[in-house]
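The values are calculated or read from the model by the stated rules, or taken from the named source; none is laboratory data. The shown structure was predicted, so the numbers you read here are calculated from the model rather than taken from an experiment. Neighbour counts are summed over all protein chains in view; Cβ atoms, including those assigned to glycine, are modelled from backbone coordinates with ideal geometry. Quick note on the areas: whole protein, heavy atoms, side chains included, nothing else; ligands and nucleic acids left out. Shrake-Rupley method; radii C 1.70, N 1.55, O 1.52, S 1.80 Å.
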Amino acid sequence: MEILDVLTTMAKTGRLGPVFSGASWSNVTTALGEPWDIGTMSRNRKWPRLFAYGDLELSVCCCRKISLICVQTWRDVIELPPSVAGGTDTFPADLKHANVVSALDEAGCSWAPYPPLTFGNQCSLVAIPTGANFTFEIPEGEESVLNVLGLPGDGHDCTARTTGEDH
C-alpha cells in the first residue's frame, strides 16, 4: 500500500483502521498496542492527552474517546502502525500538492480549497466527504509539500468526570 492510498482512504472514510473521531481509547490500544504518551494538553489537568503511533497523533479526551486525529507528513519518513497501513510501517514523505490532488481525484474523493488555513507560506484543502484537512507548506520557489493531514473532531465537549478516573 502507498502512503497516498492510506491518506485518501482516511479522507474518504474518516478512519484509519480502528482510529476515528469518537473511537474508544481502550479499543484503539487493544488493536494497536500501547502508544507513545506525548503528554497533557493542559498544565492543570492530566486529560486530555496527546498520544502517538509514529506520525499518527491522537488527542484523547477525559471520557477516553479520540477527539482529534492527525498524520504528520513533514518529516523525511512517515511512520504509521503496520496493521492500519497495509503491513507497511514507513513511507517516503515529500508529498507534493499535485500528487495529493491527483490521488484524491482518482479515489473519487471530492475536495475544495480551504481558505481559513491558506495564508503566508501555506495552503490548505478540505476533503468534502469527511472534512479532512490537508495543509501544505509552500517552500520559496518550490511546489507545495504536504505538512499534515487532520481529521476533524466529532464536536463533543467532554466535561465528564468519572469516579475513579484521573482528570
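Summary of computed values
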{"quantity": "Segment 111-129, residues that are under 23 Å from ALA93 (Cα atoms) and either out of contact with any helix residue (DSSP H, G or I) (no Cβ under 6 Å at 6 or more places or on another chain) or at pLDDT below 95 (or both)", "calculated": "ALA112, PRO113, TYR114, LEU117, THR118, PHE119, GLY120, ASN121, GLN122, CYS123, LEU125, VAL126"}
{"quantity": "Selected residue [open to solvent by less than 70 Å² (accessible area, probe 1.4 Å) and touching a Cys at 6+ places or on another chain (Cβ under 9 Å)] from ILE138, ILE66, ILE78", "calculated": "ILE138"}
{"quantity": "Residue within segment 93-104 that is surrounded by 15 or more Cβ atoms within 10 Å (Cβ to Cβ), under 16 Å from the mean Cα position of the chain (by Cα) and within 22 Å of PRO35 (Cα to Cα) present", "calculated": "yes"}
